[in-house]
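Since every read-out is calculated from the coordinates, none of them should be taken as a lab result. Note that the structure is a prediction, hence the values are computed from the model and not measured. Glycine gets a Cβ as well: all are built from the backbone with ideal geometry, and neighbour counts include every protein chain shown.
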Amino acid sequence: MTDDAFGGLVAALDPPLIVVTTAVGDEQAGCLVGFHAQSSITPERYCVWLSKANHTYRVALRADHLALHFLAEEDLPIAAHFGTLSGDTVDKFADLPTERGVGGVPLLAGWPNWLVVRRSALLDEGGDHVCLPAEAVAARHDKPFTPLRLSQAGHLQPGHGNEERHDPPTERAAR
């Protein structure tokens with residue numbers, strides 16, 4: 001197998017993008033995610049893969065709940081906000097109105113399509129992302145949407161490279 005063959009196959013999938021948010025105590029975190037999928041119909045389960053380089057990953061290690069905000073094509077600015085800034089140095093929620101959801105997760109105020117999940121496990125196979133299988137506990141679907149896809153946001157420069165690794169606790173939590 002070649003890297004080109006693998007890359008070509010997965011690039012053709014063009015996954016929809018979501019913003020994942022979570023919190024532990026007063027520490028909030030959020031990031032742009034392209035690796036996510038429904039994993040069971042009954043019971044309702046969803047998996048999210050978080051980069052080990054991200055501040056959100058390190059907060060999610062200590063969190064029970066995550067909020068998944070489904071992005072529409074017109075949501076590129078929020079994708080850029082959560083995808084290009086690093087939560088290690090910037091409070092991504094400072095200028096964004098939020099509401100508290102189940103388990104204390106920050107929900108983007110008025111967001112029309114979201115899912116809150118309770119983390120049930122963590123699977124780390126040694127790659128640059130970890131899988132968080134989770135149980136759906138709350139949802140909102142107010143309007144149909146055409147998902148924002150990776151190909152539409154591929155020009156964004158991530159706040160961290162996939163080769164970066166950090167040790168918990170997070171830098172902001174240590175201050």
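Neighbour counts of C-beta atoms inside 10 Å place Phe70, Phe35 in the sequence Phe35, Phe70, starting with the fewest.
For the stretch 50-74 versus the stretch 77-107, the spacing of their alpha-carbon centroids is 10 Å. Here the residues Ser86, Ser51, ranked from fewest to most Cβ neighbours within 10 Å of their Cβ, fall in the order Ser86, Ser51.
Any idea what the relative contact order of the stretch 3-154 is, in percent, if you count C-alpha pairs under 8 Å spaced at least 6 apart?
Numbers: 308 pairs, mean separation 43.9, N = 152.
It comes to 29 percent, rounded to a whole number.
With the charge dipole of the chain set up from +1 on Lys and Arg Cβ and -1 on Asp and Glu Cβ about the Cα centre, the Cα lying farthest toward the positive end among the listed residues Leu50, His69, Ala136 is that of Ala136.
Arrange Thr84, Thr56, Thr2 by Cβ neighbour counts within 10 Å, fewest through most, would you? Intermediate results must be reported in sequence, preceding the final value.
Values: Thr84 14, Thr56 27, Thr2 7.
Taking fewest neighbouring Cβ atoms as first place, the list is Thr2, Thr84, Thr56.
You can think of it this way: the chain between Ala72 and Leu96 has 6.9 nm of extra reach, that is 0.36 nm per residue less the Cα-Cα gap.
Taken about its Cα centre, the stretch 3-154 carries a charge dipole of about 360 debye when Lys and Arg each add +1 at the Cβ and Asp and Glu each add -1 at the Cβ.
Note on the chain: dipole from Cβ charges, positive end direction compared against Ile78, Ser151, Ala121; the farthest Cα belongs to Ala121. With R₀ set to 22 Å, the beta-carbon distance separating Ala5 from Ser151 gives a calculated FRET efficiency near 0.70. Summarising the amide proton neighbourhood of Ala139: residues at separation of 5 or more, or on other chains, whose placed amide H is nearer than 5 Å comprise Val116.
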